[in-house]
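Here is the structure we will look at.
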Amino acid sequence: MSPQPDESQRIDSFEEFWPHYVRAHSSKGSRRLHFIGTSAAMALVAGGVLTRRLWPVLLAPVVGYGCAWIGHFFVEGNVPATFGHPLWSLKGDLVMWKKILDGTMDAEVERHRTAAEPGESPEANVAADPTVN
């Protein structure tokens, strides 16, 4: 079972995408790999800009996505959301990075895991979270 939206489910906003993104990152190991990859990618971009060198900037997505995809394919056992929603996935990575940094991502995963129980809409919990908008 994949936490990705199925073909019949149209997603029109990041707020609708976020619950799917969170459930696709339910493993703490996968979230750690994402955090490492996103941090390294940001450091490479910053280093490239500061030194006026192009190669660190070009290497940033390889490192960032490489770590994330290892998390998806080998830890979570699912397909990265990048393939279907690349911009929302990038925003999701950054929101998740911040939530890991401030210590709120574990609670976010649990909130969406609980909201995904039968009969309840996971999207209903998104409006209460100002960091998603």
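Coordinate-derived values only; no laboratory data. Given the structure is predicted, the values throughout are model-derived calculations rather than measurements. Heads up, the Cβs are rebuilt from the backbone with ideal geometry, glycines too, and the neighbour counts pull from every protein chain shown.
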Quiz prompt | Residue match in the stretch 46-61 (condition: surrounded by 20 or more Cβ atoms within 10 Å (Cβ to Cβ) and in a helix (DSSP H, G or I)) | solution = yes
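Condition check ((1) in contact (Cβ under 8 Å) with a residue 24 or more places away in the chain; (2) more than 21 Å from TRP18 (Cβ to Cβ)) across all residues:
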| residue | (1), (2) |
| --- | --- |
| GLY48 | no, yes |
| LEU58 | no, yes |
| HIS72 | yes, no |
| GLY84 | yes, no |
| TRP88 | yes, no |
| LEU94 | yes, no |
| ASP102 | no, no |
| ALA107 | no, no |
| HIS112 | yes, no |
Quiz item: Where residues in the stretch 66-96 are among the aromatic types (Phe, Trp, Tyr) and surrounded by fewer than 20 Cβ atoms within 10 Å (Cβ to Cβ), which of them is farthest from PHE14 (Cα to Cα)?
Solution: PHE74
Quiz item: Since VAL63 meets every condition but one in (1) in contact with a helix residue (DSSP H, G or I) (Cβ under 8 Å, 6 or more places away or on another chain); (2) within 13 Å of TYR21 (Cβ to Cβ), which condition does it not meet?
Solution: (2)
Quiz prompt | Neighbours by Cβ (under 7 Å, 6+ apart or cross-chain): first from the stretch 9-28, under 20 Å from TRP69 (Cβ atoms); second of a type in the set (Phe, Trp, Tyr) | solution = PHE17/TRP88
Exercise. Could you tell me whether the stretch 14-29 includes any residue that is of a type in the set (D, E, K, R), out of contact with any Gly (no Cβ under 8 Å at 6 or more places or on another chain) and farther than 20 Å from PRO86 by Cα?
Key: yes
Exercise. Identify all residues within the stretch 97-107 that are outside any helix (DSSP H, G or I) and surrounded by 13 or more Cβ atoms within 10 Å (Cβ to Cβ); write none if there are none.
Key: THR104
